[in-house]
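Peer 1: Provided herewith is a single structure, encoded as structure tokens, for subsequent inquiry.
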Amino acid sequence: MRKDECFYLGKIAKKFSFKGEVLIYLDTDEPEMYEDLESVFVEFNKNLIPFFIEKGGLHKGDFLRVKFEEVDSEEDADRLINCEVYLPLSTLPKLEGNKFYFHEVIGFDVEDVRLGNIGKIVSINDSSAQPLFEIMKDDTEILIPMIDAFIVQIDRANKKVVLDTPEGLVDLYLG
């Protein structure tokens, strides 16, 4: 399994018990979706290694407490601390309408209802309080906050995102 065929689920944060259990911090708005996983991919030495889950359950909201097969001691668990955890993209439920996964819209054209085509989404910046569409128009980067009120349509068939941005926002970049 290659990393580009997966999505980042979270990170193994700490040991939970002396029997090899670990807590995975889930980087998701819906941790309950991942409560009954059979397996995950753990990045170890730049490789994704499948780990099968003997038992798991949510712990304090954002954590998944898991017991991996063949991880039976604190020493085994220690080797996994801070490793990133991934799942195949194929395991994501399909979203419809204007709900979308960040990775899904990379490469989509962006059309503003007033200005027409304003470029292509090259990335999503979610390191700030408000995620941003990073759009390239020729050599100019345009940053548009990912606000529901701005998103008119996610057109998957035509690989296009239609936005209704406040007057002047895009002009700041293209002015």
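Peer 1: Given H placed on each backbone N at 1.01 Å, which residues far from residue 108 in sequence or on other chains put an amide H within less than 5 Å of it?
Peer 2: Close amide H contacts, sequence-distant or interchain: 121.
Peer 1: In whole Hz and in residue order, list the ³J(HN,Hα) couplings for the stretch 46-58 that follow from phi through the Karplus curve 6.51 cos²θ - 1.76 cosθ + 1.60, θ = phi - 60°; x for Gly and Pro.
Peer 2: Per residue, the Karplus-derived 3J(HN,Hα) values read 6, 10, 8, 10, x, 10, 8, 9, 6, 8, x, x, 5 Hz.
Peer 1: For residue 54, list long-range residues whose amide hydrogen, built 1.01 Å from N in the peptide plane, is under 5 Å from its own amide hydrogen.
Peer 2: 67, 68, 69
Peer 1: To the nearest 0.05, how large is the calculated FRET efficiency for residue 101 and residue 59 if R₀ is 22 Å and r is the Cβ-Cβ distance?
Peer 2: Working: r = 25 Å, r/R0 = 1.13.
For residue 101 and residue 59, the calculated efficiency is 0.30.
Peer 1: I'd like the Karplus ³J(HN,Hα) series for the stretch 98-113: coefficients 6.51, -1.76, 1.60, θ = phi - 60°, whole numbers in Hz, and an x wherever there's a Gly or Pro.
Peer 2: Working through the residues one at a time gives 8, 8, 8, 8, 3, 5, 5, 9, 4, x, 6, 6, 10, 10, 9, 4 Hz.
Peer 1: Have a look at the DSSP beta bridges in the chain and tell me what percent are antiparallel, nearest 5. Don't jump to the answer; show the numbers that get you there.
Peer 2: Values: 47 of 51 bridges.
Around 90 percent of the beta bridges assigned by DSSP in the chain are antiparallel ones.
Peer 1: ³J(HN,Hα) across the stretch 23-34 via Karplus (A = 6.51, B = -1.76, C = 1.60, θ = phi - 60°), whole Hz, x for Gly/Pro?
Peer 2: Rounded to whole hertz, the list is 10, 9, 6, 8, 8, 8, 7, 10, x, 4, 5, 10.
Peer 1: Hey, another quick one. Let me check I've understood the local charge: for residue 1, count other residues with C-beta under 14 angstrom from its C-beta, Lys and Arg +1, Asp and Glu -1. What total comes out? Write down the numbers at each step before the final one.
Peer 2: Details: positive: 2, 3, 46; negative: 4, 5, 43, 84.
My count for the surroundings of residue 1 gives -1.
Peer 1: Beyond 18 Å between alpha-carbons counts as too far, so tell me which of 60/99; 94/159; 19/60; 11/99; 137/160 fall in that bin.
Peer 2: Correct reply: 60/99; 19/60; 11/99.
Peer 1: 222 nm [θ] for the chain, helices only, -39500 (n - 2.57) per DSSP H run of 4+, per residue, to 500? Could the numbers behind the result be given before it?
Peer 2: Values: 2 runs with 9 residues, N = 175.
So the helix-based figure for the chain works out to -1000 deg cm²/dmol.
None of the figures in this text is laboratory data; all of them are computed from the coordinates on show. The shown structure was predicted, so the numbers you read here are calculated from the model rather than taken from an experiment. Using ideal geometry, Cβ is built from the backbone for each residue, glycine included, and neighbour counts are taken over all protein chains shown.
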